[in-house]
Amino acid sequence: MRAWIVSATLVFLCTGMVASEGFARRTYLTPEQKTQLESIETILVKVLALTERGKGDGQAIEDVIQKRLTALGYKVVTSREEPSDVMLIVKCEERKKWSGTTRAGGDADHVDSPARLWTGPACLFSYRLNGRDLGWQKEVRTTFLNPVSAAKAENAPKSGPYAIAQLAQQLETFDFPAMLAAEWGHDAILFTLLKDPNTTQSRKLKILSLVPEMQSHEALPYLKELLQDPDLAKPTIMALASSGSAAIPLLTEIFETHNDSTVRGAAAKGLGAIGSHTGDPAITPPILKYLIENLKQMETSADIDFPVLIEVVWSLGKLRNEDSIPPIRELEEKVWLIYDTSKEMEELREATNWTVKMVDMDGQIM
């Protein structure tokens with residue numbers, strides 16, 4: 001019984017690894033708060049710039065923030081006397097002060113979230129809704145840690161103004177507007193950017209990484225269009241997985257018909273992610289069929305399409321199916337009989353060992 005409990009715990013931990021930031025909110029939002037966030041149009045921006053010599057001039061930072069938020073259709077005000085829907089607080093420091101651990105949610109492990117070990121120039125973004133901090137924090141940092149040395153290298157007279165100016169430059173490309181739109185559930189804004197031919201590839205990639213956080217039911221048709229772009233196909237497939245069971249037919253079609261191994265592998269990975277989150281058994285037949293067909297001709301490494309098979313095996317372990325046990329056992333035997341010391345074979349063996357433990361839980365009962 002103890003072994004079964006350990007195995008079940010491993011399944012929970014491993015399937016949880018694919019969860020996005022949206023699945024681990026820092027603060028629980030009430031239906032009323034969600035409605036208020038979705039209705040945000042006017043943003044009160046408050047910028048605080050701090051140098052080692054005291055308060056600095058944050059006008060350049062405020063200008064960049066206002067310009068970039070306005071470009072997405074938001075109205076920006078800077079006075080508390082003017083009506084607003086939310087307050088965006090941006091605290092920029094020449095030397096970031098240590099702020100301790102986050103209250104909850106493990107935000108330090110997320111991209112663009114505050115780095116506890118960073119002590120150089122940084123801007124911390126947060127917001128307040130009706131005066132309440134909802135626990136959302138993002139951080140942008142300079143490329144250098146020591147502002148004094150960096151200022152001296154550029155012949156800047158003072159390190160404080162130099163650091164603030166460099167942070168203002170970072171904000172020109174740091175996509176805080178898209179992050180805020182995703183946080184507030186403004187799907188239409190982000191999907192419009194995805195369709196806009198003038199949107200840069202880097203920005204589209206950033207938006208695609210935010211789609212799982214949004215958990216939008218409207219994402220599927222927009223993402224389907226992006227599959228035609230070979231540079232965006234893989235991240236689009238992973239974003240599709242956040243649509244849940246509705247994306248299974250499309251991901252299955254991609255998996256079965258696409259001629260690019262990396263894209264097919266991404267589709268298999270996406271199916272596995274859906275299976276781990278929803279428990280939908282529809283993800284298993286196409287990837288199990290692929291494994292069974294390949295086992296018939298698997299004699300050497302040349303018979304293995306590693307990018308596809310590795311993801312197929314990992315995904316089969318995300319959702320237990322009795323039919324998976326015999327072929328996985330057969331694969332386990334073959335991958336060790338084939339002489340191959342490559343990194344790809346090492347990854348396949350690792351995936352196979354893990355999946356055997358996950359699908360054949362009866363073998364774990366002692």
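Quick note: the coordinates plus some simple rules give every number you see, no bench work behind them. Everything numeric here is computed off the predicted structure, so don't read it as measured data. When we count neighbours, we look across all protein chains shown, and the Cβ atoms used for this are built from the backbone with ideal geometry, even at glycine.
Tabulated data for the structure shown
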item: When the chain is reduced to its Cα atoms, the Kirkwood hydrodynamic radius in Å; result: 23.2 Å
item: Under 21 Å from the Cα of residue 289 - lysines, other chains or at least 8 residues apart; result: 269, 318, 334, 357
item: Length gained when the stretch residue 39-residue 188 is fully extended (0.36 nm per residue, less Cα-Cα span); result: 52.4 nm
item: Choice from 233, 165, 247 showing the highest fluctuation, given a GNM over the chain with Cα pairs closer than 10 Å; result: 165
item: Calculated FRET efficiency for the pair residue 260/residue 343, C-beta based, R₀ 22 Å, to 0.05; result: 0.60
item: Sites matching GluC sites (Glu not before Pro) across the stretch 175-237 that sit in DSSP coil, with at most 14 neighbouring C-beta atoms within 10 Å; result: 218
item: Taking 46, 206 and counting other C-beta atoms within 10 Å, the order from fewest to most; result: 46, 206
item: Fully extended contour minus Cα-Cα distance, from residue 350 to residue 245, at 0.36 nm per residue; result: 35.0 nm
item: Taking 208, 271 and counting other C-beta atoms within 10 Å, the order from fewest to most; result: 208, 271
item: Extended-chain gain in nm, criterion 0.36 nm per residue less alpha-carbon gap, residue 52 and residue 28; result: 5.0 nm
item: In sequence order, calculated HN-Hα J values of the stretch 67-78 (Karplus, 6.51, -1.76, 1.60; Hz; x Gly/Pro); result: 4, 6, 6, 5, 4, 8, x, 7, 9, 10, 10, 10
item: Measure of compaction for the stretch 102-260 (Cα Rg per 2.2 N^0.38 Å); result: 1.27
item: Amide proton proximity set for residue 142, modelled H, under 5 Å, gap of 5+; result: none
item: Cross-link table 138/195; 296/343; 46/224, entries beyond 28 Å C-alpha to C-alpha; result: 46/224
item: Sorted largest first, extent of the stretch 187-364 alpha carbons per principal axis (Å); result: 52, 32, 23
item: Dipole of the chain [Lys/Arg +1, Asp/Glu -1 at C-beta], most positive-end residue of 243, 270, 39; result: 39
item: Choice from 219, 351, 151 with maximal GNM fluctuation in the chain (Cα, 10 Å cutoff); result: 151
item: For the stretch 130-207: Kirkwood Rh in Å [reciprocal of mean 1/r, alpha carbons]; result: 15.0 Å
item: Stretch in the chain that is longest and holds no chymotrypsin sites (Phe, Trp or Tyr not before Pro) that DSSP places in a loop and that have at most 10 other beta carbons within 10 Å; result: 99-338
item: Point-to-point label distance, residue 153-residue 172, nm (Cα→Cβ direction, 7 Å offset); result: 1.9 nm
item: From the C-alpha gyration tensor of the stretch 31-72, square roots of 5λ in Å; result: 29, 14, 6
item: Virtual spin-label span in nm between residue 63 and residue 296, 7 Å along Cα→Cβ; result: 6.9 nm
item: Long-range HN-HN contacts of residue 51 with modeled amide H, under 5 Å; result: 56, 94
item: Cβ-based exposure ranking for 360, 260, in which fewest neighbours within 10 Å come first; result: 260, 360
item: Volume per residue that the Cα convex hull of the stretch 21-183 spans, once the total is divided by residue count, Å³; result: 115 Å³
